[in-house]
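Take a look at the structure set out below.
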Amino acid sequence: MSIEQYQRSVNSLDKDLETLEKKKADIDKKCSDLQSKITLAKKSITSRTSASMISSKMRQINEWQSDYSKKSSESANLGKKISDKRQKRNDAYLKLQKAQQNEQKKQDKEMKRIKMSYEGRINELSRQAIPQMIVQASPTLITSNNPEEYEVFVSHAWEDKESFADEFVQELRDLGVKVWYDTSQIKWGDSMRVKIDDGLKKSKFGVVVLSPDYIREGKYWTKTELDGLFQLESGNGKTLLPVWNNLTKKDVMAYSPIIASKLAMTTASMTPQEIAKELVTLLPVSEQEEA
């Protein structure tokens, strides 16, 4: 049986139990009322009660006792049905739990397989596809002879400019940090690929602003920039610095276990100014003094 079938069985048994328990409660109340009537009727018979009245009361008491006996028997039968039904419900619930656990194990196994497959693709891409792409676009990109004109390359999704990236870049510039930022470096008519390649190769650090929009399926430029930064980090030793913007550890792990393993700053607990100041501490002393 499927989880849905087990769940329907449990729900049906719960409904049956509710009906039986309500019926038993009603009968038990009637038994209680009858017992009270019998007790009061017996107390009302005294030495002054006439023989005819005693006879009448006794008939009434006998009727109530007979009714009480029937209802008590009915209550006992309902109690047995409830007990049997509850046992069936417990058995069905245990089967439901087992089915849910088995399904969870399957999902966990599949998630692990997907993560391993994804990590494998990232590693393979870093080793093969990206070097070829970068060499074709800018043959000198992966060499170490290029002068570094910028301290920081900021990789971000266009949707995050207003909420974080613009303010973060401005805070860096206010601190004297040279930043490669697309709105400043890419002009009308420029080749985006050439400009991005040039910015990557001339920057010491790559800040990646990870967000739901950044990791969304179909984001070509953010993925291209991230792949390029991975290659530069492995080839030239340049450092990739992640910033989590409206993402959880689980979200980042699902996107890239490699990035999730890196210590990151997060906008959940830090302002753009605080993150910018943290980045400045990574710059060489001479550069900080110049800033």
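The values are calculated or read from the model by the stated rules, or taken from the named source; none is laboratory data. Note that the structure is predicted; figures quoted are calculated from it, not measured. FYI the Cβ positions are ideal-geometry reconstructions off the backbone, even for glycines, and counts take in every protein chain you see.
Taking the stretch 92-119 as the search range and keeping residues that are small (Gly, Ala, Ser) and surrounded by 13 or more Cβ atoms within 10 Å (Cβ to Cβ), which one is farthest from the chain's Cα centre (by Cα)?
Taking the candidates together, the pick is Ala92.
Out of curiosity, is Lys219 modelled with pLDDT under 75 and of a type outside the set (S, T, N, Q)?
It is true that Lys219 is modelled with pLDDT under 75 and of a type outside the set (S, T, N, Q).
Restricting to the stretch 167-215, give me the number of residues that are of a type in the set (Asp, Glu) and at pLDDT 90 or above.
The qualifying residues number 3.
Of the conditions (1) closer than 30 Å to Arg173 by Cβ; (2) modelled with pLDDT under 85; (3) surrounded by 15 or more Cβ atoms within 10 Å (Cβ to Cβ), Ser144 fails just one. Which one is it?
Looking at each condition in turn, Ser144 falls short on (3).
Kindly evaluate Leu232 against the criterion of being crowded, with 19+ Cβ neighbours inside 10 Å and modelled with pLDDT of 75 or more.
no
Within the stretch 147-164, which residues are modelled with pLDDT under 90 and either among the polar types (S, T, N, Q) or under 18 Å from Val280 (Cβ atoms) (or both)?
Glu148, Glu149, Tyr150, Glu151, Val152, Phe153, Val154, Ser155, Ser163
Could you tell me whether Ser56 is surrounded by 11 or more Cβ atoms within 10 Å (Cβ to Cβ) and assigned to a helix (DSSP H, G or I)?
For Ser56, the condition - surrounded by 11 or more Cβ atoms within 10 Å (Cβ to Cβ) and assigned to a helix (DSSP H, G or I) - is met.
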